[in-house]
Amino acid sequence: MTVLDCAGRPLDLRRPAVMGILNITPDSFSDGGVFLSPDKAIAQALRMAEAGADIIDIGGESTRPGARPVSAQEEIDRVLPVVEALHKKIPLPISIDTSKPEVMRAAVKAGAGFINDVRALREAGALEASKQLGVPVCLMHMSGEPRTMQDAPRYADVVGEVRDFLEERLGACMNAGIPAQRLVIDPGFGFGKTLEHNIELLRGLKKLQSLGAPVLVGLSRKSMIGQLLGLPVEQRLYASVALAVMAVQQGACIVRVHDVGPTVEALRMWAAVYPESMRE
Ligand code: PT1
């Protein structure tokens, strides 16, 4: 689990890894429409690589609360030119943020080396596609679907239920023939969770470590910050960096963020204080 092989490109998890977010969507919550043209998206990815990103996560469908689904073809049309160009331009692993097997296949063929699936390979054909593609996969917990997931989410024990779900998905993947070393898990902050649920999940994040898979988290600019601080998305940088450090302290191996430079600086300080030998 220390170094993931992302289609020949290493992702070193012996220190915290930063995944830079690249949304190629007209409607993402914090940067919708900003990087819609391939040239703008590529320029943004190069800036993130320069700022120290370890992997770039490319998405063509917004999954923020309330978002509408898009077709596989639409998603492919948005992301493919960017995956292809970036694979040639930068040596970093490229992640594809999708739930659709057609998009997974097209993106990996074009050079992507990591699949980030907020639906944890539950769509028809996704398990089989990702087994065949042979790249690492992130399985995320989501309660419901983006359009309606924030309509009164309920749990008796959010940490336990998220853990049980991820355990079930890890089992389904292994039964389908995906090697355990290829799997990453994510509690899915903001996906069918209230502010209190998100806080409980962060506080209890270490409980996911017993599942044996590296933990990825996405907290960057999310509404839990808006709810606590009353700040709009463009003013959530400091809180996002703080949450990234807290998540790493609680065992997260990969943090998915918009603001790569500030997060890399904070996590380099964390890694200096807690070298590999000092982590449990
Ligand atoms: C995430 C994630 C993701 N988040 C992974 N992939 C998003 N693995 C997209 C809000 O409350 O956490 N992990 N891909 C973005 N989704 C959201 C959800 C954006 C909630 C905003 C909110 O503001």
**Asked** When the helix-only estimate is applied to the chain (DSSP H runs of n ≥ 4, each -39,500 (n - 2.57), divided by the residue count), what is the mean residue ellipticity at 222 nm, nearest 500 deg cm²/dmol?
**Response** -12000 deg cm²/dmol
**Asked** Residues of the range 95-136 with amide nitrogen under 16 Å from the 7 Å Cα-to-Cβ point of Q181?
**Response** 134-136
**Prompt:** Put a dot 7 Å past each Cα toward the Cβ at D27 and K109; how far apart are the dots in nm?
**Reply:** 2.7
**Prompt:** What FRET efficiency, computed as 1/(1 + (r/R0)^6) with R0 = 35 Å and r the Cβ-Cβ distance, is obtained for E102 and M278, rounded to the nearest 0.05?
**Reply:** 0.20
**Request:** Would you please state which residues of the range 256-273 a label at L228 would reach in this model, taking the label point 7 Å out along Cα→Cβ and a backbone N cut-off of under 18 Å?
**Result:** 256-259, 263, 266-267
**Request:** Convert each backbone phi in the range 222-238 into a coupling constant with the Karplus relation 6.51 cos²θ - 1.76 cosθ + 1.60 (shift: θ = phi - 60°), then list the ³J(HN,Hα) values in order as whole Hz, x for Gly and Pro.
**Result:** 6, 5, 4, 6, x, 5, 7, 10, x, 10, x, 3, 6, 10, 10, 4, 5
**Message:** Check which residues have an amide H placed less than 5 Å from N116's amide H, if you skip close sequence neighbours.
**Reply:** I96, D97, T98, C138
**Asked** Measuring from centroid to centroid over Cα atoms, what is the spacing of the range 31-106 and the range 155-206 in Å?
**Response** 24
**Request:** Over the chain, give the accessible area per residue in Å² for a 1.4 Å probe, as an integer.
**Result:** 43
**Fill in**
To the nearest 20 debye, the range 220-280 has a Cα-centred charge dipole, built from +1 on Lys and Arg Cβ and -1 on Asp and Glu Cβ, of 160
**Message:** Given Cβ point charges of +1 (Lys, Arg) and -1 (Asp, Glu) and nothing else, what value in debye, to the nearest 20, does the dipole of the range 156-274 about its Cα centre take?
**Reply:** 220
**Message:** Quick one: 3J(HN,Hα) in Hz for the range 147-164, Karplus 6.51/-1.76/1.60 with θ = phi - 60°, rounded, Gly and Pro as x.
**Reply:** 4, 10, 5, 8, 6, 6, x, 9, 9, 7, 8, 4, 5, x, 5, 5, 4, 4
**Request:** Take the cross-link list K88/K109; K100/K207; K40/K88; K40/K89; K100/K131 and give me the ones stretching past 20 Å between alpha-carbons.
**Result:** K100/K207
**Prompt:** Out of V82, P179, T148, whose Cα points farthest toward the positive end of the dipole of the chain (charges: +1 Lys, Arg; -1 Asp, Glu; placed on Cβ)?
**Reply:** P179
**Fill in**
If every Lys and Arg gets +1 and every Asp and Glu gets -1 at its Cβ, then about the Cα centre the chain yields a dipole, in debye to the nearest 20, of 300
**Estimated inter-spin distance, D5 and E128, nm [label 7 Å along Cα→Cβ]** = 2.5
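For a distance above 24 Å, tell me the whole-number percent of Cα pairs in the chain that qualify. Don't skip to the end; give the middle numbers.
Numbers: 17504 of 39060 pairs.
Above the 24 Å cut-off, the chain has 45 percent of its Cα pairs.
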**Relative contact order (%) - criterion: Cα under 8 Å, at least six apart; region: the chain** = 19
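The values are calculated or read from the model by the stated rules, or taken from the named source; none is laboratory data. None of these values were measured; they are calculated from a predicted model. Positions of Cβ are generated from backbone atoms using ideal geometry, with glycine treated the same way; all protein chains shown enter the neighbour counts. Each accessible area value is taken on the protein alone, full model and side chains, heavy atoms only, with ligands, DNA and RNA left out. Shrake-Rupley method; radii C 1.70, N 1.55, O 1.52, S 1.80 Å.
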